[in-house]
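Q: Sharing a structure with you now.
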Amino acid sequence: MINLAVLVSGSGTNLQAIIDSIESGKLNARIKIVISNNSDAYAIERAKKHHIPVFIIQDNRFPVREDCDKHLVEILKSHAVDLVILAGFMRLLSRAFIRAFPMKIMNIHPALLPAFPGLRAQKKAVEYGVKFSGCTVHFVDEGVDTGPVIIQAVAPVYDDDTEETLAQRILKEEHRIYPQAIQFFAQGRIEIRGRKVIIKNQPKTEGVLENPKVEI
Ligand code: GRF
(Lines give C-alpha, C1' and ligand atoms only; values in the text may rest on other atoms or scores of the structure.)
Protein backbone atom coordinates (compact mmCIF):
# COMPACT_ATOMS: atom_id res chain seq x y z
CA MET A 1 0.00 0.00 0.00
CA ILE A 2 1.55 3.31 -1.02
CA ASN A 3 0.95 6.71 0.52
CA LEU A 4 -0.18 9.52 -1.75
CA ALA A 5 -0.37 13.27 -1.47
CA VAL A 6 -2.69 14.89 -4.00
CA LEU A 7 -2.09 18.54 -4.89
CA VAL A 8 -5.08 20.43 -6.29
CA SER A 9 -6.27 23.91 -7.18
CA GLY A 10 -9.74 23.49 -8.66
CA SER A 11 -12.73 21.25 -9.02
CA GLY A 12 -10.89 18.04 -8.18
CA THR A 13 -12.58 15.56 -10.51
CA ASN A 14 -9.28 13.70 -10.90
CA LEU A 15 -8.94 13.62 -7.10
CA GLN A 16 -12.45 12.14 -7.02
CA ALA A 17 -11.55 9.48 -9.59
CA ILE A 18 -8.56 8.49 -7.46
CA ILE A 19 -10.66 8.37 -4.27
CA ASP A 20 -13.30 6.25 -6.06
CA SER A 21 -10.67 3.83 -7.41
CA ILE A 22 -9.26 3.41 -3.91
CA GLU A 23 -12.68 2.89 -2.35
CA SER A 24 -13.68 0.32 -4.95
CA GLY A 25 -10.48 -1.63 -4.33
CA LYS A 26 -8.97 -1.06 -7.79
CA LEU A 27 -6.13 1.10 -6.53
CA ASN A 28 -3.94 -0.04 -3.64
CA ALA A 29 -3.07 3.31 -2.16
CA ARG A 30 -4.17 5.68 0.53
CA ILE A 31 -4.36 9.45 0.29
CA LYS A 32 -2.53 10.80 3.33
CA ILE A 33 -3.11 14.45 2.53
CA VAL A 34 -4.68 16.78 -0.02
CA ILE A 35 -2.88 20.07 -0.51
CA SER A 36 -4.54 23.05 -2.19
CA ASN A 37 -3.16 26.44 -3.06
CA ASN A 38 -6.71 27.74 -3.47
CA SER A 39 -8.91 27.94 -0.39
CA ASP A 40 -12.05 28.00 -2.59
CA ALA A 41 -11.21 24.83 -4.52
CA TYR A 42 -14.13 22.41 -4.65
CA ALA A 43 -11.52 19.64 -4.37
CA ILE A 44 -11.25 20.54 -0.66
CA GLU A 45 -14.92 19.61 -0.12
CA ARG A 46 -14.35 16.31 -1.88
CA ALA A 47 -11.40 15.51 0.40
CA LYS A 48 -13.31 16.46 3.56
CA LYS A 49 -16.25 14.29 2.55
CA HIS A 50 -13.88 11.34 2.56
CA HIS A 51 -12.16 12.39 5.81
CA ILE A 52 -8.85 13.12 4.11
CA PRO A 53 -6.71 15.75 5.87
CA VAL A 54 -6.38 18.97 3.89
CA PHE A 55 -3.59 21.51 3.97
CA ILE A 56 -4.13 24.90 2.35
CA ILE A 57 -1.07 26.74 1.10
CA GLN A 58 -1.21 30.38 1.99
CA ASP A 59 1.23 31.81 -0.48
CA ASN A 60 1.27 35.18 1.28
CA ARG A 61 2.78 33.52 4.36
CA PHE A 62 5.82 32.70 2.24
CA PRO A 63 6.93 35.56 -0.01
CA VAL A 64 9.66 33.29 -1.41
CA ARG A 65 8.31 30.23 -3.24
CA GLU A 66 11.29 28.08 -2.26
CA ASP A 67 10.50 28.62 1.42
CA CYS A 68 6.92 27.57 0.86
CA ASP A 69 8.05 24.48 -1.04
CA LYS A 70 10.49 23.55 1.74
CA HIS A 71 7.57 23.63 4.12
CA LEU A 72 5.53 21.45 1.76
CA VAL A 73 8.36 18.92 1.50
CA GLU A 74 8.46 18.72 5.30
CA ILE A 75 4.72 18.09 5.42
CA LEU A 76 4.96 15.38 2.78
CA LYS A 77 7.89 13.67 4.46
CA SER A 78 6.15 13.79 7.83
CA HIS A 79 3.20 11.94 6.23
CA ALA A 80 5.57 9.34 4.73
CA VAL A 81 4.34 10.15 1.23
CA ASP A 82 5.65 7.77 -1.46
CA LEU A 83 4.15 9.48 -4.49
CA VAL A 84 3.02 13.06 -5.12
CA ILE A 85 0.05 13.46 -7.46
CA LEU A 86 -0.53 16.78 -9.22
CA ALA A 87 -4.22 16.88 -10.13
CA GLY A 88 -4.99 20.26 -11.65
CA PHE A 89 -2.43 21.95 -9.41
CA MET A 90 -1.98 25.39 -10.97
CA ARG A 91 1.27 26.42 -9.40
CA LEU A 92 4.80 25.71 -10.54
CA LEU A 93 6.96 23.71 -8.15
CA SER A 94 10.47 24.82 -7.33
CA ARG A 95 13.52 22.80 -8.33
CA ALA A 96 14.13 21.96 -4.65
CA PHE A 97 10.67 20.36 -4.38
CA ILE A 98 11.13 18.33 -7.56
CA ARG A 99 14.56 17.15 -6.41
CA ALA A 100 13.12 16.04 -3.07
CA PHE A 101 10.87 13.54 -4.96
CA PRO A 102 12.81 12.42 -8.02
CA MET A 103 10.51 10.45 -10.37
CA LYS A 104 8.01 10.35 -7.55
CA ILE A 105 5.79 13.17 -8.77
CA MET A 106 3.11 12.51 -11.39
CA ASN A 107 1.11 15.03 -13.37
CA ILE A 108 -1.81 14.77 -15.78
CA HIS A 109 -1.93 16.96 -18.84
CA PRO A 110 -4.97 17.30 -21.13
CA ALA A 111 -3.14 16.72 -24.43
CA LEU A 112 -0.96 14.11 -26.06
CA LEU A 113 2.44 15.40 -24.96
CA PRO A 114 4.75 16.61 -26.36
CA ALA A 115 1.93 18.34 -28.29
CA PHE A 116 0.36 21.37 -26.64
CA PRO A 117 2.22 21.73 -23.35
CA GLY A 118 1.33 24.52 -20.92
CA LEU A 119 -2.02 26.14 -20.25
CA ARG A 120 -5.28 25.69 -22.23
CA ALA A 121 -4.09 22.64 -24.11
CA GLN A 122 -7.61 21.77 -25.31
CA LYS A 123 -8.06 25.25 -26.84
CA LYS A 124 -4.70 24.88 -28.60
CA ALA A 125 -5.74 21.48 -30.00
CA VAL A 126 -9.07 22.82 -31.33
CA GLU A 127 -7.38 25.83 -32.90
CA TYR A 128 -4.59 23.80 -34.44
CA GLY A 129 -7.11 21.52 -36.14
CA VAL A 130 -5.67 18.19 -34.99
CA LYS A 131 -7.99 15.20 -35.46
CA PHE A 132 -6.95 13.53 -32.23
CA SER A 133 -5.91 14.83 -28.86
CA GLY A 134 -6.11 13.20 -25.45
CA CYS A 135 -4.34 13.13 -22.14
CA THR A 136 -0.98 12.14 -20.71
CA VAL A 137 0.18 11.06 -17.27
CA HIS A 138 3.88 11.74 -16.89
CA PHE A 139 6.55 12.03 -14.26
CA VAL A 140 7.48 15.58 -13.39
CA ASP A 141 10.96 16.83 -14.15
CA GLU A 142 12.25 20.37 -14.05
CA GLY A 143 10.67 21.42 -17.36
CA VAL A 144 7.04 22.30 -18.06
CA ASP A 145 5.19 19.10 -19.07
CA THR A 146 8.42 17.50 -20.28
CA GLY A 147 8.92 14.48 -18.00
CA PRO A 148 8.81 10.80 -19.02
CA VAL A 149 5.39 9.64 -20.27
CA ILE A 150 3.67 6.85 -18.31
CA ILE A 151 0.31 6.43 -20.08
CA GLN A 152 -1.72 8.27 -22.71
CA ALA A 153 -5.32 8.04 -23.90
CA VAL A 154 -6.51 9.30 -27.26
CA ALA A 155 -9.74 11.20 -27.90
CA PRO A 156 -11.04 12.33 -31.30
CA VAL A 157 -11.43 16.04 -32.02
CA TYR A 158 -14.57 16.85 -34.03
CA ASP A 159 -15.19 19.72 -36.44
CA ASP A 160 -17.78 21.28 -34.14
CA ASP A 161 -15.74 20.94 -30.95
CA THR A 162 -15.14 23.89 -28.68
CA GLU A 163 -12.50 24.08 -25.98
CA GLU A 164 -15.20 23.01 -23.49
CA THR A 165 -16.63 20.03 -25.39
CA LEU A 166 -13.15 18.68 -26.07
CA ALA A 167 -12.13 19.25 -22.43
CA GLN A 168 -15.14 17.19 -21.27
CA ARG A 169 -14.30 14.31 -23.61
CA ILE A 170 -10.67 14.31 -22.51
CA LEU A 171 -11.52 14.61 -18.81
CA LYS A 172 -13.43 11.30 -18.94
CA GLU A 173 -10.26 9.61 -20.14
CA GLU A 174 -8.16 11.40 -17.50
CA HIS A 175 -10.31 9.73 -14.86
CA ARG A 176 -9.46 6.30 -16.32
CA ILE A 177 -5.74 6.67 -16.87
CA TYR A 178 -4.66 8.55 -13.73
CA PRO A 179 -5.71 5.84 -11.25
CA GLN A 180 -4.17 3.25 -13.58
CA ALA A 181 -0.81 5.06 -13.68
CA ILE A 182 -0.79 5.23 -9.88
CA GLN A 183 -1.68 1.54 -9.65
CA PHE A 184 1.25 0.64 -11.96
CA PHE A 185 3.49 2.51 -9.51
CA ALA A 186 1.86 0.87 -6.47
CA GLN A 187 2.44 -2.55 -8.04
CA GLY A 188 6.13 -1.77 -8.60
CA ARG A 189 5.64 -2.30 -12.33
CA ILE A 190 7.26 0.94 -13.51
CA GLU A 191 10.80 0.96 -14.77
CA ILE A 192 12.35 4.18 -16.08
CA ARG A 193 15.04 3.89 -18.77
CA GLY A 194 16.11 7.39 -19.74
CA ARG A 195 13.03 9.05 -21.21
CA LYS A 196 11.16 5.78 -21.50
CA VAL A 197 8.78 4.41 -18.93
CA ILE A 198 8.38 0.66 -19.22
CA ILE A 199 5.34 -1.00 -17.64
CA LYS A 200 6.27 -4.56 -16.78
CA ASN A 201 3.97 -7.40 -17.87
CA GLN A 202 1.69 -5.28 -20.03
CA PRO A 203 0.01 -6.73 -23.11
CA LYS A 204 0.47 -4.59 -26.23
CA THR A 205 -2.35 -2.24 -27.19
CA GLU A 206 -3.68 -3.39 -30.53
CA GLY A 207 -5.35 -1.64 -33.43
CA VAL A 208 -5.15 1.82 -34.90
CA LEU A 209 -7.59 4.70 -34.93
CA GLU A 210 -8.42 7.14 -37.65
CA ASN A 211 -10.48 10.33 -37.65
CA PRO A 212 -12.28 11.03 -39.92
CA LYS A 213 -13.16 7.45 -40.80
CA VAL A 214 -11.43 5.83 -43.75
CA GLU A 215 -14.31 4.87 -46.05
CA ILE A 216 -12.55 3.13 -48.92
C1 GRF B 1 -7.51 18.57 -15.86
O2 GRF B 1 -7.94 18.85 -17.15
C3 GRF B 1 -6.05 18.25 -15.85
O4 GRF B 1 -5.63 17.61 -17.01
C5 GRF B 1 -5.41 19.60 -15.74
O6 GRF B 1 -6.27 20.33 -14.90
C7 GRF B 1 -7.58 19.79 -14.94
C8 GRF B 1 -7.95 19.44 -13.53
O9 GRF B 1 -9.28 19.06 -13.40
N10 GRF B 1 -4.05 19.47 -15.31
P11 GRF B 1 -9.82 18.55 -12.00
O12 GRF B 1 -9.53 19.63 -10.95
O13 GRF B 1 -9.18 17.24 -11.67
O14 GRF B 1 -11.32 18.41 -12.21
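Q: Sort 184-190, 166-172 by the packing proxy (mean of other Cβ within 10 Å over each peptide's residues), most packed first.
A: Peptide ranking by packing, descending: 166-172, 184-190.
Q: How much of the DSSP bridge set in the chain is antiparallel, in percent, rounded to the nearest 5? Don't skip to the answer; put the middle values down first.
A: Numbers: 15 of 32 bridges.
DSSP beta bridges in the chain are roughly 45 percent antiparallel.
Q: So if each residue of separation counts as 0.36 nm, and I subtract the Cα-Cα distance between Ser11 and Ser78, what length gain in nm does that give?
A: Separation in residues times 0.36 nm, less the Cα-Cα distance, equals 21.5 nm.
Q: So, one more: Whole number in Å², please: accessible area per residue of the chain, 1.4 Å probe, ligands, DNA and RNA not counted.
A: 55
Q: After finding the eigenvalues of the alpha carbon gyration tensor for segment 1-101, what semi-axes result from the square roots of 5 times each, listed largest first in whole Å?
A: Those come to 22, 16, 11 Å.
Q: If you count, for each residue, the other Cβ atoms within 10 Å and average over each peptide, how do 7-17, 37-47 line up from highest to lowest?
A: 7-17, 37-47
Q: Also: If you average the alpha carbon positions of segment 44-71 and of segment 89-152, how far apart do those two centres end up, in angstrom?
A: After rounding, the separation between the Cα centres reads 22 Å.
Q: Now for a different question. Within the set Lys49/Lys131; Lys124/Lys200; Lys124/Lys196; Lys26/Lys48; Lys104/Lys172; Lys104/Lys204, which residue pairs have Cα atoms separated by over 30 Å?
A: Table pairs above 30 Å Cα-Cα are Lys49/Lys131; Lys124/Lys200.
Q: Sum -39500 (n - 2.57) across every DSSP H segment of at least 4 residues in the chain, then divide by the residue count to get the 222 nm mean residue ellipticity, nearest 500.
A: The helix-only estimate for the chain comes to -10000 deg cm²/dmol at 222 nm.
Q: Share of segment 91-216's accessible area from carbon and sulfur, percent, 1.4 Å?
A: C and S fraction of accessible area: 55 percent.
Q: Give me the orientation-averaged projected area of the Cα convex hull of the chain, in nm², one decimal.
A: The directionally averaged projection comes out at 13.2 nm².
Q: Moving to a separate point now. Starting with the highest mean, order 126-139, 68-81 by the number of other Cβ atoms within 10 Å, averaged over the residues of each peptide. Don't skip to the end; give the middle numbers.
A: Values: 126-139: 19.4, 68-81: 16.6.
Per-residue Cβ counts within 10 Å, averaged per peptide and sorted highest first, yield 126-139, 68-81.
The values are calculated or read from the model by the stated rules, or taken from the named source; none is laboratory data. These numbers were taken from a predicted model, which means no experiment stands behind them. Note: ideal-geometry Cβ built from the backbone for every residue, glycine included; neighbour counts use all protein chains shown. We work out accessible area using only protein heavy atoms, side chains counted, and drop any ligands, DNA or RNA first. Shrake-Rupley method; radii C 1.70, N 1.55, O 1.52, S 1.80 Å.
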